[in-house]
Amino acid sequence: VTLTGPAPAGGAVVMLSSSNTTAAQVPVSVTVAPNATTATFAVTTGSVTSNTSLTISATYGATQNAGFTVVAVVLNSITLSPIPVLGGNSTTGTVTLSSPAPAGGAVVTLSSNKTAVAQVPSSVTVAANATTATFTVTTSPVASNTAVTISGTYNATRTVSFTVTAAVLSTIALSPTP
């Protein structure tokens with residue numbers, strides 16, 4: 001906060017408030033030291049499911065407002081490695097969030113559009129303060145190459161598509177050999 005002039009002896013107590021205390025909390029007040037014109041305070045943001053605009057107000061003789069947006073943590077991407085994958089084998093999936101997961105972690109729900117071909121767990125949890133988590137995609141043998149899409153959702157939905165490949169003949173051997 002900034003005053004128009006130096007604070008009086010004993011300092012200036014500036015009252016603070018947030019228009020949305022779920023999204024952002026501020027202390028009740030901040031004191032500008034005697035003869036100083038500025039003071040700082042911390043704003044603690046909460047977990048939001050969508051971008052949330054709010055206003056922080058400061059009052060000392062007059063009220064001033066500052067607006068900002070608390071940005072939601074969302075699922076940024078899903079990747080698989082290796083791909084393509086031979087039916088009957090597995091591949092590792094990685095979910096990546098846009099920023100660190102909140103306290104308690106972020107539960108990303110997962111699904112496969114072809115569960116007979118590629119199976120995923122129902123969810124994977126990104127630990128608090130982490131941005132990634134891995135999961136296993138298990139595949140079944142297929143008669144022909146099959147495209148599969150894996151979806152993940154945490155405040156946004158992202159997908160990754162890959163191919164489960166069919167086994168093919170690798171060699172022929174004759175017996176007895178001459």
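The values are calculated or read from the model by the stated rules, or taken from the named source; none is laboratory data. Worth saying up front: this structure is predicted, and the values here are computed from it rather than measured. For the accessible areas, the whole protein counts, side chains as well, though only heavy atoms, and no ligand, DNA or RNA atoms are used. Shrake-Rupley method; radii C 1.70, N 1.55, O 1.52, S 1.80 Å.
Values computed for the structure shown
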| read-out | value |
| --- | --- |
| Compactness of the chain as Cα Rg over 2.2 N^0.38 Å, two decimals | 1.75 |
| Percent accessible area from carbon and sulfur atoms, the range 80-178, protein chains only, probe 1.4 Å | 56 percent |
| Relative contact order %, the chain, counting alpha carbon pairs below 8 Å whose residues are six or more apart | 17 percent |
| Accessible area expressed per residue, the range 45-125, with surrounding protein chains retained (probe 1.4 Å, Å²) | 51 Å² |
| Prolate/oblate/rounded label for the range 1-58 (Cα gyration tensor, a/c 1.5) | prolate |
